[in-house]
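To keep things clear, I will list the structure first and then write my remarks on it.
FYI, it's all coordinate maths here, none of it is from the lab. None of the values given here were measured: they were computed from a predicted structure. Here the Cβ positions follow ideal geometry from the backbone for every residue, glycine too, while neighbour counts run over all protein chains shown.
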Number of protein chains: 2
Amino acid sequence: KKKPHFFSTLFFHIPKNCEHDMKNLIHSFKVGFALLLVSLVYILDPLFEQVGKNALWAIMTVEVIFEFFAGATLSKGLLRGIGTLLGGGLACLASNLARDLGKIGYSIFVGGLIFIFGAMATYCRFIPSIHRRYDYGVTIFILSFNLVTASSLRGQQVMELAYQRLSAVAMGFSVCIFISLLIYPMWATDELHRFTSFKFKELATCIEECVDGYLVVGEKESHPIIHVSSCKSVLDSKSTDESLVNFARWEPSHGRFWCCNPWEKHQQITDLLRELASNVLSLQGCLKSTFQPSTMMREAIKEPCKTVGLTIGLIMRELGEIIMKKKMGNVETVMVPELQSIKLKLIGLSTSNLGAIESVE
Amino acid sequence: KKKPHFFSTLFFHIPKNCEHDMKNLIHSFKVGFALLLVSLVYILDPLFEQVGKNALWAIMTVEVIFEFFAGATLSKGLLRGIGTLLGGGLACLASNLARDLGKIGYSIFVGGLIFIFGAMATYCRFIPSIHRRYDYGVTIFILSFNLVTASSLRGQQVMELAYQRLSAVAMGFSVCIFISLLIYPMWATDELHRFTSFKFKELATCIEECVDGYLVVGEKESHPIIHVSSCKSVLDSKSTDESLVNFARWEPSHGRFWCCNPWEKHQQITDLLRELASNVLSLQGCLKSTFQPSTMMREAIKEPCKTVGLTIGLIMRELGEIIMKKKMGNVETVMVPELQSIKLKLIGLSTSNLGAIESVE
């Protein structure tokens, strides 16, 4: 396989997947605009006189926290703010406590604090619940703590330093939030629903292809057309799902969504979808097996098989539509049991039906 | 499910998984030590006189690039260095080119550059090959470019600023590399092999449990004991695998490993393992089905079934051992075809054997 050239990737990447790329393009312009806006503190004289060199922190904040989804930007920004506040506050407290230690004593005290807090915070980052949701906040906490404590050694006004840094972060944060939430916002919530609905439809197609494939397999010159890749992409979607849910949790209510969206249920659905995909993948594997029932046998069960395939496909597409139209109320009562029953049907199809057919022969 | 309390998580987390936690603890101490070492530029007078306030960048570099695996630290450090170099260099060039534009013209020029480069770099981050491996470098590039260009507006010596920032990053990077590679290094390469080997063994156990479960299912009071969770964790390991391979690529050769480790082959193996896991999961699903063959039938095929289960388990464990002992030469010739044949065997087991049994009855 020849690797694509960098520039050909860059230029021919654009027309491939238009809608998605349009979103990427809009996001890119939004980031450019946010950077321009925050750079105004350097460009305009009255702003620079007020903020001074701390404007650096504002630019850094925008560059680091501006993410594709509004929820991601919001979470990173809030975590950065809280981390800076806690880290800076603790550093101020520590430097005030140890003010009378003398130069050498104070140096040893600061060194010890930096080591202990650095090690403790790093260990905290390994705890799964913290790692999943607050990792960035802990990094910023320890960074702020170290910078403010170390600066206090050099006679700088730590309270002022911490305050200036915090206000610069707040400035960058406001620019990000303003642009991310108000100009063509990309909601992780919407993407999560679109993606889940898409997976339902992909699996529906896969199941229908499987049933069709089963009915023609073994016939001469017939190669069942099955798109394994879409099944595999559903199987591999766990990390995407998790990060989308993670971002969606931070998003304010908008459109049809309410604050208390049942995200746990959403994860249950995507877990079941992945389980279903693994079953469909096994079915597809069965079609490649050298042990296949005879044409006569297949003819005998053609009709029920087709009905099962079509019904499952229909239900899956319907469920995909329900999710897309964001009728979230139906999820608990209709979708989870329905998915479970589809799973049982498929398992039944993959074992007992085949067995029954063989015994018919 | 009751959510665990923060402190109970923190304190009871430690004894659960000792070996792994020992590594986390060592890593935490290494980070604390690295932060202490780089803070010495603030603490020791002769060092501070040389470096001045740019020491801030050194502390930031250590905090941001020090990762668990040596390869991750190396890649982040190198990308940060290259990003700073390119971004700073380009900003110097731009500010030299536009020196004669006058204050207002120069401000507009800088604003335009910040917008265009910000948008272009952000768009580049969406290209999959760049996103996967160079994302961090692009972020740092645009950050350095903006900071240096914006500072140039305020009459600061941009060449000097870029140089100082680069040297501070280099200082932080050397501290990280020194501690990460020389003191109890955590190699992603080792972890990748350990993890793959572990997956082989887990799947071996699952397959054996499935076969045993099949032979007792339906018998009164017998509930086949099958650990679905280990199968599911293999299925969900794609993102872990990808990031481990990504880090392992950056690691220098050490121990039995050579620079040209066949990482593509490794990804093929883990892809096949996930496919196998999905098949095993389907088998486990079959055991829960209400359609089950009679005890008599199962007795008839008890012996061949047991043999198949044991053989597959044996081969899988052997393959896991081979990977653990890092005899990488065998991968191409023995492992991939062997895995393929195991897959075919399992598919055969899940369809034709069952069919054959039914027809026996």
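If the viscosity is 0.692 mPa s and the temperature 37 °C, what Stokes-Einstein diffusion coefficient in µm²/s follows for the stretch A:105-243 when Rh is the Kirkwood radius over Cα pairs?
Here the translational diffusion coefficient equals 159 µm²/s.
Per-residue HN-Hα couplings for the stretch A:96-102, Karplus 6.51 cos²θ - 1.76 cosθ + 1.60 at θ = phi - 60°, whole Hz, x for Gly and Pro?
Karplus-based 3J(HN,Hα) across the stretch A:96-102 equals 6, 5, 9, 4, 9, 7, x Hz.
In nanometres, what is the gap between the two model label sites at A:Glu19 and A:Ile82, each 7 Å from Cα along Cα-to-Cβ?
Reported label-point gap for A:Glu19 and A:Ile82 is 3.5 nm.
Given the convex hull over the Cα atoms of the stretch B:137-218, what projected area results after averaging over all orientations, in nm²?
Reported value for the Cα convex hull: 10.1 nm².
How big is the stretch A:5-164 on each of its three principal axes, counting only the C-alpha atoms and giving the largest first in Å?
Here the Cα extents, ordered largest to smallest, are 66, 46, 30 Å.
Roughly how far apart, in whole Å, are the Cα centres of the stretch B:84-138 and the stretch A:16-59?
12 Å
For a test of the definition: using alpha carbon positions, the gyration tensor, and the 1.5 limit on a/c, classify the stretch B:105-175 as rounded, prolate or oblate.
Since a/c reaches 1.5 but b/c is at least a/b, the shape of the stretch B:105-175 is classed as oblate.
State whether the stretch A:10-96 is rounded, prolate or oblate according to the following rule on the C-alpha gyration tensor (a ≥ b ≥ c being the square roots of its eigenvalues): a/c under 1.5 gives rounded; otherwise a/b larger than b/c gives prolate, and the remaining case gives oblate.
Here the stretch A:10-96 falls in the oblate category.
What's the average, rounded to a whole number, of partner chain beta-carbon atoms within 10 Å of each residue's beta-carbon in B:22-31?
Per residue, the average neighbour count from other chains is 4.
Evaluate E = 1/(1 + (r/R0)^6) for A:Ile183 and A:Gln267, where r is the Cβ-Cβ distance and R0 equals 35 Å; express this FRET efficiency to the nearest 0.05.
Computed FRET efficiency for A:Ile183 and A:Gln267 comes out at 0.70.
Can you bin the stretch B:268-323 into rounded, prolate or oblate? Criterion: square roots of the alpha carbon gyration tensor eigenvalues sorted a ≥ b ≥ c, rounded for a/c under 1.5, prolate for a/b above b/c, oblate for the rest.
Because a/c hits 1.5 or more and a/b fails to exceed b/c, the stretch B:268-323 counts as oblate.
Determine the sum of side-chain charges near A:Asp45: Lys and Arg each +1, Asp and Glu each -1, restricted to other residues whose C-beta is under 11 angstrom from that of A:Asp45.
Its environment carries a net charge of +1.
Calculated FRET efficiency, A:Glu49 and A:Ile108, Cβ-Cβ r, R0 41 Å, to nearest 0.05?
0.55
Report, ordered by chain and residue number, the aspartates and glutamates lying within cross-link reach of B:Lys302, taken as a straight Cα distance under 17 Å and ignoring same-chain residues fewer than 8 apart.
Cα-Cα hits under 17 Å: B:Glu208, B:Glu209, B:Asp212, B:Glu219, B:Glu358, B:Glu361.
So what J values fall out for the stretch B:78-93 if you push phi through Karplus, 6.51 cos²θ - 1.76 cosθ + 1.60 with θ = phi - 60°, rounded to Hz, Gly and Pro as x?
Karplus values, whole Hz, x for Gly and Pro: 5, 5, 5, x, 5, x, 4, 4, 5, x, x, x, 5, 5, 4, 4.
If you put a point 7 Å past Cα along the Cβ direction, how far is that point for B:Lys23 from the same point in each other copy, in nm, smallest first?
3.5
Cα-Cα over 20 Å: which of B:Lys30/B:Lys76; A:Lys199/A:Lys265; B:Lys30/B:Lys53; A:Lys53/B:Lys53; A:Lys201/A:Lys238; A:Lys288/B:Lys288?
B:Lys30/B:Lys53; A:Lys288/B:Lys288
Treating the point 7 Å from Cα along Cα-beta-carbon as the label, what are the nm separations from B:Glu299 to the other copies, to one decimal?
3.8
Can you list the distances in nanometres, one decimal and ascending, from the A:Arg132 label point to the identical position in each other copy, with the point 7 Å along Cα to Cβ?
2.7
For the stretch B:233-239, take each phi angle, set θ = phi - 60°, evaluate the Karplus expression 6.51 cos²θ - 1.76 cosθ + 1.60, and give the result in whole Hz per residue in order, putting x for glycine and proline.
5, 5, 4, 8, 8, 4, 5
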